[in-house]
1. Which value, in debye to the nearest 20, describes the size of the charge dipole of the range 196-245 about its Cα centre when Lys and Arg Cβ atoms bear +1, Asp and Glu Cβ atoms bear -1, and nothing else is charged?
2. Among TYR164, TYR254, TYR96, which one shows the highest mean-square fluctuation when the chain is modelled as a Gaussian network with alpha-carbon springs under 10 Å?
3. In this model, which of LYS23/LYS197; LYS197/LYS238; LYS205/LYS241; LYS158/LYS197; LYS71/LYS144 are farther than 27 Å apart at the alpha-carbon?
4. Most mobile of MET237, MET245, MET264 per a Gaussian network model of the chain (Cα springs, under 10 Å)?
5. Only four residue types carry charge here, +1 at the Cβ of Lys and Arg and -1 at the Cβ of Asp and Glu. Report the dipole size of the chain about the Cα centre in Debye, rounded to the nearest 20.
6. Take the Cβ-Cβ distance between ARG188 and ASP258 as r, set R0 to 35 Å, and report the resulting FRET efficiency rounded to the nearest 0.05.
7. Could you do me a favour and compute the accessible area per residue for the range 141-211, 1.4 Å probe, result in Å²?
8. Out of THR52, THR77, THR132, any idea which swings most in a Gaussian network model of the chain, alpha carbons joined below 10 Å?
Amino acid sequence: MMKAVSVWPLFAVCVFCVCVAYKPVIIIHGLFDSPADFINLHRFINLSHPGTNVTVLDLFDRSASLQPLWKQVEGFTEAIYPIMQNAVDGVHLICYSQGGLVCRGILSTLSDHNVHSFISLSSPQAGQYGDTDYLKYLFPQFVKSNLYHVCYTAVGQKISICNYWNDPHHRDMYINSSDYLALLNNERANPNSTAWKQNFLRVKKLVLIGGADDGVITPWQSSQFGFYDENETVVEMKNQKVFLMDLFGLKTLYARGDLILCSMAGVAHIFWHSNETVYKTCIEQWLT
């Protein structure tokens, strides 16, 4: 006599497998980084979300991260797009430091992206203005107060850091000279601004991570769209013109409940992506 075999346990296992399937995660690095620097973050993701397809993109050698950001946007978009096309339920994007600005360029210009969570990890989203070790290395003869002489020129705009150098004492020069950040922020007239805003708002969650002990992003509040006024007093995001006028979608995201700020003290810039507490507190829950 044939023995009856229940299919319910197998069915239950299959349903469980479907339920715990996680969206692919794409990681984009910052200035002078490489995929090897993200081994710990990769491990954290695999431990908390087993089976997640994690891709750390690296299109250039380390020095090539100094290339103009629009060129980097073009290269990373070509690499990201096939991953998006194969992800029916969408993808998550973790973008570190300068990479966070590259990701904004991708999300603003790609009309059919399917990014669910855009996690900006210690990125100078409102710009950079500080005498850091990076500045001394790249421009040894300059300090923050006179770097505008280089950055706000056609030659300077061919260097990535100058694309988001935001001198609060020379706002007009920044707005008129910045080929990247001022355009992304819709601070300068841009025929694509309406389309870019619509594209950017396709994201389901925007997570902004930063902290007071970063030591590189200056001011650190730039990682959450705060920045200096002309007196170098930090003006928080909600009082910034780009937010109040909803120039590229921040206020809309906030009104939707899809703008998340996560601040952590005691984390230096180079350790954000390898700090497990940062991952558990600020990243893990947004990767489902």
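1. Working: 6 positive and 6 negative charges, 127 e Å.
For this selection, approximately 600 debye.
2. Highest fluctuation among the options: TYR254.
3. Values: LYS23/LYS197 24 Å; LYS197/LYS238 18 Å; LYS205/LYS241 21 Å; LYS158/LYS197 25 Å; LYS71/LYS144 25 Å.
Exceeds cut-off: none, every pair is within range.
4. Maximum among the listed residues: MET245.
5. Numbers: 20 positive and 24 negative charges, 161 e Å.
Dipole size: approximately 780 debye.
6. 0.85
7. Working: 3010 Å² over 71 residues.
Here the per-residue accessible area is 42 Å².
8. It is THR132.
The values are calculated or read from the model by the stated rules, or taken from the named source; none is laboratory data. If you're wondering where the values come from, they're calculated on a predicted model, not measured in any experiment. Note: ideal-geometry Cβ built from the backbone for every residue, glycine included; neighbour counts use all protein chains shown. Only protein heavy atoms, including side chains, enter the accessible area calculation; ligands, DNA and RNA are left aside. Shrake-Rupley method; radii C 1.70, N 1.55, O 1.52, S 1.80 Å.
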